[in-house]
Amino acid sequence: MIADINDKKPKEQRPLRDYIRMVLAFFICLCVISFWQHAHLYQQGLLDTVLNRSLFLLLVHHTGFASLAGIILAFIFNLLEGVKRSFGLYCCGILFITLIFTEILTTLYFTEQHELLGSDFLAVYSSRYSTFRLMLRLIIGLLSASLGFLLMYRLMARVYHHISRMYPFTLILLTIFLSTLMSHKNPVNENKTQHLLDNALAELLDRNPYEGEAEYPLLRPRATSTSLTPFFQLGEERPNIVVLVVDGLGADFIGQEARYAAFSPFLNSLAESSLVWDNFLSNQGTSYAAIPSVTGSLPFGTRGFNKIEQRLNRHTLFSLLGYNGYRTSFNYGGNTALHKLDRFLVDEETDEIIGRKNFGKNYSQQPQDDAGVSKGYPDKALFTRWHRQEKDWNKPRLDVFQTLSSSKPFLIPQQAVYEKKVDQTLETGNFSEETENRIRRNTRLFSSVRYMDDAIRHFIRQYKRYPQFDNTIFIITGSHNLTELPHDNNLDRYRVPLLVYSPLINAPRRFQNMASHADIVPSVLDLIDQHYGLDLPSEVAWLGEGLLDHTDRKTIPLFRYQNSIEDFIMGSHFMSNGQIYKIGPSLELADNYNTEAATDVETAFQYFKAVNRYVTMENKLIPPAQPGLYTSTRHSFSKEEMIWLQSVFNGVDFDKAYKQARQIAFDGDWDRADLLCRFILDKVPGHADTEILRGRLAAWQGKYEPAEKILSEAVRKYPVYSDAYAALLDTYFWNAKHREALELQADIIKYHPENIILQEKLQRASSGLKKQLVQERKKAREDKPNKPIAAKT
C-alpha cells in the first residue's frame, strides 16, 4: 500500500516548469523595481542617466539573488509538492511575493533616505514615517508585489524554456549566484533585501565578544592634547562656548574648493577669520546621533548612544562645564523627544532645554510635508527666540544649537525668495553642466542651505550686540553630510566642515590633519583648563583625542546608522564594508595593497566593535565616583510596580499612557496615577502633560509644596502651555498663596494674553488677596491692645 502511494505522488506533483515560471516572474519583478529606482534617482538629480553601469550591476546582483532564492526554494517546492499537489506552488509563491514586497519597501526607503536598511528594518521604518503613511505603504507595496508577481507569472508561460530536470537548472543558478559574489556592491546597485538579510544574519552570528582584562577598556589618563591655546588670546574671564550643529551641512558647502560653496556665502566668509579643519569628519551618518558625539565623544552602542536603555556613566561638555560653574542650554526647533534626545539632556542636568514646545504663538513652524506634518520651527525662529529670551550672563555659558531647516523635506519660510536666490547663484556662478543640472533638480535643497546660511548670519550679527561677544568662542560643524546629494565614496558621507570662530583668535588658520566630532570635547576642555584651571577628572573614556592630535595609530570609528558600524579609520587607512582603502591628503580613497596595514586595521576595528558593545551594555565606560559625573534622575520601580505598569500600558505610545494615567486619576486612584506618570517621565522626560498631571495629583492630595515645585518647573520649561499656569494658579489658590499667583500675571500676559480661563483665575487670586488683606487688618486690630482712656479731673 505504501509503495503504491509513493508511486502515485510524483504523478500528482506540479511539474517543475511551473516552479521555473515563478523564479522567472520573481526575477522580472526585481528588474522592474531596478528601473523604477534608477528613474526616481534620476528625477532627483542623483543620477545623470537611467541606463548606466550601476543599473547593469544592479540587474546582475538581482540575478544572483534570484538564483540563490531559486536554489533554496526549489527544494522546498519539491518537498511540499510531495505532500500535496499545488501546496509547494502556493507556499513558494507566497515566499516570492514576500521577497518582492520587501524589495519594494527597502528600495522605496533607499530612494527617499538614500541609505540601506539593516537588521533593524522595522524600527527604522516606523520611526521615519507616520502610522498612516506607513500603513498606506504596506498596503500599496503588498498589492503591487502580489499583482506584479501574478501578472509576470502568467506572462512567463509563453517565454520560458521547458526544463524537465532539476539538477542542471540548479547548477546554472548556483553558477550565476557565485559569480555575483565576486562583484563589488554599492547601495545603488545592491539587492536591498539581500543586504537586509545579510545584516540580520551577521548580527545573529556575531561572535566578537570583548575578552580584554581591563574592566573599563576605554578609560585612560586625561593627557593634555596638542593644545589650541597658542591660537587664542584669552582674557581674565572664562569664555562662553556656542556650538552650532547644522543638520546636513557637508564639506561640499565650505571651502575654496567646495563645489557648492556659493550657496553658503556667510559661512565661507566666516571661515576666512576662523580656525578651519579641511579634513574633518562626523562620527555618524545621521543627525540624531550627532549631539552625543559632539558634546560627549561617546561610543555608539548598536543603535546610537541616545537609544541605549540603561544610563551610562560618562563625561560631557554639559556635565563637566556645568560642574565648573557654566550655565548650559540646548536649543532645537524640533521635537527633542525624538530618538530620546531629551532623556540624554535631562540626564546631563542641562539648565535649559528648548524644543518645539517652548516657542508659542509668536513663531511659525516650517511648512508641512506631504503627510501634513511640520518638522518644527525653522532656523531663524530658533535663533530669534534665543536672542529674545532673558539670559543669565553672571556665569559663563555653554549654548548648544541643532538646526533642522537644511534637512529633508527642505521646507523653509519664504521658499520662493530663496529659490530665486538659487537661480541667481546659478546665473553668476561657474558650474559645470552636470553640477548645474543637479542643483536645478534639487532647488528646494539648495534653497534651504541658503536660508540656513542667512539664519546663522543673523544669529552672529545679533550676538555681536552683546558685550559678551568679545569673550565667546563659536564652534560650527555639520551633523553629517547630506545623503540626498551624490558622494564620491563611502567616506564622503561623514565629511563635514569645522569652523572655530571667535574675537579671541590670534589669527585665522587652516589645518590639514584629520579630526572628527569626537575630538571637540578634549580640545575645548583642555583649552579652558590650561588657562583658567577646571575641576576635571584625571581619567576619561572619550573616543577622541584632540583636534590637533594626529598619529599613525589614531582611530576614528564611524556609525553609519543604527545597527550599522561598517566604517572605521586608523591612521591613513579607511575600512568600509570589509574593504580597506588608503586615504589621500584630501580624503580621496585609493585601493590598499599593504597586507600588514590591512590586518592591523581589521584587528583594531573588530576590537573597537567588541569594546563598543561591552561598555554600553555593561555600563563600563567610566567608574561611577568621578567629578563632573551626572546625577541620574531615573526613577526606580520595583518588580511589583512593573507588573502593574505592564498590565495597564504596553507599547511606545506615551500620549496614550498619559491618557490612561489621567483616567486613573479621575477614578480616584491617585497613587497608581502618579506611578504611571513617573514611568512615562522616565521614558520621555519632556512629556509636559504628564509633568502637569503629577503636579495636579500632588495638589489634589493637599501636598502643596511638592505640587508648587513641580508646576513651577513646568511653567519655566513650557511657558506656552496654558494648562501649566492653570494648574499652578489652582495650587496657589488652594494654599492661599494669592501674592505668588499674581506674580505670574506678567508671564501670562506675555504668553497667553487672550486666555479667559487664566484671566479668571488671576481675578480670583486678586479677590482672594483683597479678602486676605482685610482679614489680616482685622486680625491686627483685634490683636492690638486697647489704649487706656484718661480719667476726667
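Scanning the range 597-609 for residues that are of a type in the set (Gly, Ala, Ser) and surrounded by fewer than 18 Cβ atoms within 10 Å (Cβ to Cβ) gives Ala597, Ala598.
Per-residue answers, yes or no, for (1) buried (at least 21 other Cβ atoms within 10 Å of the Cβ); (2) in contact (Cβ under 8 Å) with a residue 60 or more places away in the chain; (3) over 15 Å from the mean Cα position of the chain (by Cα):
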residue	(1), (2), (3)
Tyr260	yes, yes, yes
Glu272	no, yes, yes
Glu309	no, no, yes
Ser319	yes, yes, yes
Phe359	no, yes, yes
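Picking from Val417, Val373, Val400, which residue would you name as being over 29 Å from Pro239 (Cα atoms) and modelled with pLDDT of 95 or more? Val417 is the lone residue from the list that is over 29 Å from Pro239 (Cα atoms) and modelled with pLDDT of 95 or more. When you scan the range 328-340, do you find a residue that is at pLDDT 90 or above, more than 16 Å from His687 (Cβ to Cβ), surrounded by fewer than 18 Cβ atoms within 10 Å (Cβ to Cβ) and in the same structural domain as Ser407 (by TED's automatic domain parsing), even just one? Checked the range 328-340: no residue is at pLDDT 90 or above, more than 16 Å from His687 (Cβ to Cβ), surrounded by fewer than 18 Cβ atoms within 10 Å (Cβ to Cβ) and in the same structural domain as Ser407 (by TED's automatic domain parsing). When Lys357 is tested against (1) in a helix (DSSP H, G or I); (2) among the charged types (D, E, K, R); (3) at pLDDT 90 or above, just one condition goes unmet, and that condition is (3).
When each of Asn313, Asn306 is tested for being in contact with a His (Cβ under 6 Å, 6 or more places away or on another chain) and closer than 26 Å to Ile556 by Cα, the lone residue that passes is Asn306. If you filter the range 499-517 down to residues that are in a strand (DSSP E or B) and not basic (Lys, Arg), you find that the one that is nearest to the chain's Cα centre (by Cα) is Ser516. All told, Arg493 falls short of being of a type outside the set (Ser, Thr, Tyr), over 27 Å from Asp399 (Cα atoms) and buried (at least 21 other Cβ atoms within 10 Å of the Cβ).
Scanning the range 288-327 for residues that are of a type outside the set (A, V, I, L, M), more than 24 Å from Leu122 (Cα to Cα) and touching a strand residue (DSSP E or B) at 6+ places or on another chain (Cβ under 7 Å) returns Ser293, Thr295, His315, Phe318, Gly322, Tyr326, Arg327. Close contacts from the range 751-768, counting a first residue that is farther than 12 Å from Tyr725 by Cβ and a second that is in a helix (DSSP H, G or I) and modelled with pLDDT under 95, with Cβ to Cβ under 6 Å and a gap of 6+ residues or different chains, come to Gly768/His738.
In the condition set (1) surrounded by fewer than 20 Cβ atoms within 10 Å (Cβ to Cβ); (2) among the basic types (Lys, Arg); (3) part of a loop (DSSP other than H, G, I, E, B), Arg385 is compliant with all but (3).
Could you tell me which of the residues Ile76, Ile104 is over 36 Å from the mean Cα position of the chain (by Cα) and in the same structural domain as Pro187 (by TED's automatic domain parsing)? Checking each option against the conditions leaves just Ile76. For Phe87, the conditions (1) touching a Leu at 6+ places or on another chain (Cβ under 6 Å); (2) farther than 26 Å from Gln44 by Cβ; (3) surrounded by 20 or more Cβ atoms within 10 Å (Cβ to Cβ) all hold with the exception of (3). Entry remark, the range 456-477: residues being touching a Ser or Thr at 6+ places or on another chain (Cβ under 7 Å) and among the hydrophobic types (A, V, I, L, M, F, W, C) number 2 in total. Scanning the range 98-148 for residues that are at pLDDT 90 or above and among the aromatic types (Phe, Trp, Tyr) yields a single hit, Phe101.
Given the criteria part of a loop (DSSP other than H, G, I, E, B) and in contact (Cβ under 8 Å) with a residue 40 or more places away in the chain, does Asn331 qualify? Explain how you work it out, then say what you get.
Details: part of a loop (DSSP other than H, G, I, E, B): no; in contact (Cβ under 8 Å) with a residue 40 or more places away in the chain: yes.
For Asn331, the condition - part of a loop (DSSP other than H, G, I, E, B) and in contact (Cβ under 8 Å) with a residue 40 or more places away in the chain - is not met.
When Ser766 is tested against the conditions (1) part of a loop (DSSP other than H, G, I, E, B); (2) surrounded by fewer than 21 Cβ atoms within 10 Å (Cβ to Cβ), the lone failure is (1).
The values are calculated or read from the model by the stated rules, or taken from the named source; none is laboratory data. The shown structure was predicted, so the numbers you read here are calculated from the model rather than taken from an experiment. Please note: Cβ atoms are built from the backbone with ideal geometry, for glycine as well, and neighbour counts cover all protein chains shown.
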